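> Please see the structure below; I have some questions.
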Amino acid sequence: MRTLGMAVFKQQKVEDFYEIGEELGSGQFAIVKRCKEKSTGVEYAAKFIKKRQSRVSRRGVRREEIEREVNILQQLQHPNIISLHDVYENRTDVVLILELVSGGELFDFLAQKESLSEEEATEFLKQILDGVRHLHSKSIAHFDLKPENIMLLDNNVPMPRIKIIDFGLAHKIEDGVEFKNIFGTPEFVSPEIVNYEPLGLASDMWSIGVITYILLSGASPFLGESKQETMANISAVNYEFDEEYFGSTSELAKSFIRQLLTKDTRKRLTIEGALNHPWIQSREHVEDTSSAPETRRKSELCQLKTKRLKEYTIHSHSSIPPNNTYINFERFSRVMEDVSLLETSLEKVTEKRKSIQEDIEAVLSIYTEKEAWYKEENESMHQGLSRVRYELRNIEELRRGIQDDLKAADTNLASISDRYLEHQAHLSSLRQELDAELRWLQEVMGSIGIVENGTQCSSLALNNEVNEALKELLSRACGGDLCIRIQTDNNSESV
């Protein structure tokens, strides 16, 4: 047994538990057969739904769609809604064991009647509305209400019980979650489906308005020559109460239809509003019985209604292909989904483009500011470099001057050194000569001998005078150092 959400899919052979009988109906991806439960002998309807084998395939029904239908059916328990008994699954199919509804379609049953009064019509409509109220109380929308999906449990009783079937398109409407799709049968879909607008429970009420219009007139309010024309009529709410079809219809009935066929979903009747409408609540319809011809005329019009209803059912059965379900709009729905995704992507691209543009403008602004700052810094640095170059030139000139001065000083020093050496050599020569002369004089002075004191005194005086004369001469010739030395030598000798 496999459980997904609320759905329980039995991984067993359905043939082991049910005897499969004749075919009751078929669609593109489903076939319904009569079956009998072996353990109880109770008859049911087995709906074999072909599973889609891969994501890229278009054949079969997606697993999540089957699960959704099963989950919804498991939530519904109402006398006017078909009930789900069991679910089986094999490699290729999911088999729904459903309540057997053998009375046929409502419209086929009514078309066989000789006449149809508004009172009888409202009795059947009340059952439809009761079933839809149960759906809407659980926030479930059927989205495919049409005569083919309104069946009778048994047509051998005066007032058969209505059964709403086929919940393949049903969805649970959640608060705050936007749901859009294009599906259903074109003749019965609401304007919000045609225009790919958010959908809700109000779409079912529009379909009930179309069903009521057909029930009372035998004509379809929006049916055109093509699907495109039909959908254009629905989008424009292009319908009227033709006198030929509604000559004997009460104003209350027309009011009921008008309030259902309203494009603005906020103004459209809700399920409670429909059940409380005076036409549905009232069992007695006003009839003018003032004259027998008028009564016969109304009877003829009622008879005409059933004939037209029979013509409508015959025409619908012959013109509607076996696959008159959501598959009719599947490709268009996918295209619209792709368009919606594309629009969303374009909106995101536009937002990102705006964001990138803002970023570019911010970067440009920063670049402009930085560029102005760099220009100011460049000018400042240029001025600083100019000053540095000027200072360097001055320093270079000063360096060259100093180098010239150093060269001149070196030359002067070399010249002075040469002169100093010359003078030093000259002085050495003079010194040697003087030393020789002094030694000679000393020898001369020492050889002179005077015995008497007076004579010794004269020699001492003479010696002093000679020394003074020599010092003066040396002082003039070579400066005071030599004289001082001579003086020192004389003093030492005198002693």
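The values are calculated or read from the model by the stated rules, or taken from the named source; none is laboratory data. Please read these numbers as outputs of a predicted model, since none were measured by experiment. All Cβ positions, even for glycine, are placed from backbone atoms using ideal geometry, and neighbour counts span all protein chains on display.
> Which pairs have Cβ atoms under 6 Å, sit 6 or more apart or on different chains, and link a residue in region 78-102 that is in a strand (DSSP E or B) to one that is among the small types (G, A, S)?
Listed pairs, sorted by first residue: I81/G131; V95/A46; I97/A46; L98/A45; E99/S83.
> Still on this model: Failed condition for K47, given (1) at pLDDT 90 or above; (2) assigned to a loop (DSSP other than H, G, I, E, B), with all others met?
(2)
> Turning to a different aspect of this structure: Which residues, counting only those in region 46-82, are exposed (fewer than 13 other Cβ atoms within 10 Å of the Cβ), more than 32 Å from the chain's Cα centre (by Cα) and not basic (K, R)? Write out each step before concluding.
Initially, region 46-82 is screened for residues exposed (fewer than 13 other Cβ atoms within 10 Å of the Cβ), giving 53-59, 62, 64, 77.
Imposing the further condition that a residue be more than 32 Å from the chain's Cα centre (by Cα) reduces the set to 59, 77.
Q77 - this is the single residue of region 46-82 that is exposed (fewer than 13 other Cβ atoms within 10 Å of the Cβ), more than 32 Å from the chain's Cα centre (by Cα) and not basic (K, R).
> Does S139 fit the bill of being touching an Asp or Glu at 6+ places or on another chain (Cβ under 8 Å), touching a residue at least 12 places away in the same chain (Cβ under 8 Å) and within 24 Å of K267 (Cβ to Cβ)?
Numbers: touching an Asp or Glu at 6+ places or on another chain (Cβ under 8 Å): yes; touching a residue at least 12 places away in the same chain (Cβ under 8 Å): yes; within 24 Å of K267 (Cβ to Cβ): yes.
Yes.
> Looking at S207, is it crowded, with 19+ Cβ neighbours inside 10 Å, in contact (Cβ under 8 Å) with a residue 40 or more places away in the chain, in contact with a strand residue (DSSP E or B) (Cβ under 7 Å, 6 or more places away or on another chain) and assigned to a helix (DSSP H, G or I)?
Details: crowded, with 19+ Cβ neighbours inside 10 Å: yes; in contact (Cβ under 8 Å) with a residue 40 or more places away in the chain: yes; in contact with a strand residue (DSSP E or B) (Cβ under 7 Å, 6 or more places away or on another chain): no; assigned to a helix (DSSP H, G or I): yes.
Criteria not met by S207.
> Of the residues that make up region 235-244, is at least one surrounded by 13 or more Cβ atoms within 10 Å (Cβ to Cβ), touching a Lys or Arg at 6+ places or on another chain (Cβ under 9 Å), over 19 Å from K146 (Cα atoms) and at pLDDT 70 or above?
yes
> While we're here: Which of the numbered conditions does V42 fail, given that it passes all the others? Conditions: (1) under 30 Å from L129 (Cα atoms); (2) surrounded by fewer than 21 Cβ atoms within 10 Å (Cβ to Cβ); (3) at pLDDT below 95.
(3)
> Of the residues that make up region 67-86, is at least one in the same structural domain as P186 (by TED's automatic domain parsing), touching an Asp or Glu at 6+ places or on another chain (Cβ under 7 Å), under 28 Å from G209 (Cβ atoms) and modelled with pLDDT of 95 or more?
First, pick out the residues of region 67-86 that are in the same structural domain as P186 (by TED's automatic domain parsing): none.
No, region 67-86 has no match at all.
> Evaluate region 138-159: report whether one residue or more is basic (K, R), at pLDDT 95 or above and under 34 Å from the mean Cα position of the chain (by Cα).
yes
> Name the single residue that is surrounded by the fewest Cβ atoms within 10 Å (Cβ to Cβ) among those in region 246-264 being modelled with pLDDT of 95 or more and assigned to a loop (DSSP other than H, G, I, E, B).
Result: D264.
> Can I ask one more? Looking at R34, R91, which is the one that is within 30 Å of E123 (Cβ to Cβ), surrounded by fewer than 19 Cβ atoms within 10 Å (Cβ to Cβ) and either within 44 Å of the chain's Cα centre (by Cα) or not assigned by TED's automatic domain parsing to the domain that holds I162 (or both)? Explain how you work it out, then say what you get.
Working: R91 fails: within 30 Å of E123 (Cβ to Cβ).
Going through R34, R91 in turn, the sole match is R34.
> Modelled with pLDDT of 90 or more and not hydroxyl-bearing (S, T, Y): which single residue out of L406, L430, L438, L434 fits that description? Working first, answer last.
Numbers: L430 fails: modelled with pLDDT of 90 or more; L438 fails: modelled with pLDDT of 90 or more; L434 fails: modelled with pLDDT of 90 or more.
The unique qualifying residue is L406.
> Say we look at region 265-276 and pick out the residues that are in a helix (DSSP H, G or I) and of a type in the set (A, V, I, L, M); which of these is surrounded by the most Cβ atoms within 10 Å (Cβ to Cβ)?
Initially, region 265-276 is screened for residues in a helix (DSSP H, G or I), giving 271-275.
Those left that are additionally of a type in the set (A, V, I, L, M): 271, 274-275.
On the way: I271: 21, A274: 24, L275: 16.
Per the criteria, the residue is A274.
> Quick test for you: out of L364, L346, L398, L392, pick the one residue that is of a type in the set (A, V, I, L, M), closer than 30 Å to N181 by Cβ and surrounded by 10 or more Cβ atoms within 10 Å (Cβ to Cβ).
L346
> Can you tell me how many residues in region 127-147 are among the hydrophobic types (A, V, I, L, M, F, W, C), more than 12 Å from T212 (Cβ to Cβ) and part of a helix (DSSP H, G or I)?
Of region 127-147, the ones among the hydrophobic types (A, V, I, L, M, F, W, C) are 128-129, 132, 135, 140-141, 143, 145.
Retained after the next criterion (residues that are more than 12 Å from T212 (Cβ to Cβ)): 132, 135, 140-141, 143.
Filter once more, so that each one left must be part of a helix (DSSP H, G or I): 132, 135.
Residues that pass the stated criteria total 2.
> Of all residues being surrounded by 12 or more Cβ atoms within 10 Å (Cβ to Cβ) and modelled with pLDDT of 75 or more in region 277-311, which is nearest to the chain's Cα centre (by Cα)? Just the residue, please.
Of all residues in region 277-311, those surrounded by 12 or more Cβ atoms within 10 Å (Cβ to Cβ) come to 277, 279-280, 282, 285, 287, 294-295, 297-311.
Those still in the list that are modelled with pLDDT of 75 or more too: 277, 279-280, 282.
Values: H277: 46, W279: 50, I280: 49, S282: 54 Å.
Ranking the qualifying residues of region 277-311, first place goes to H277.
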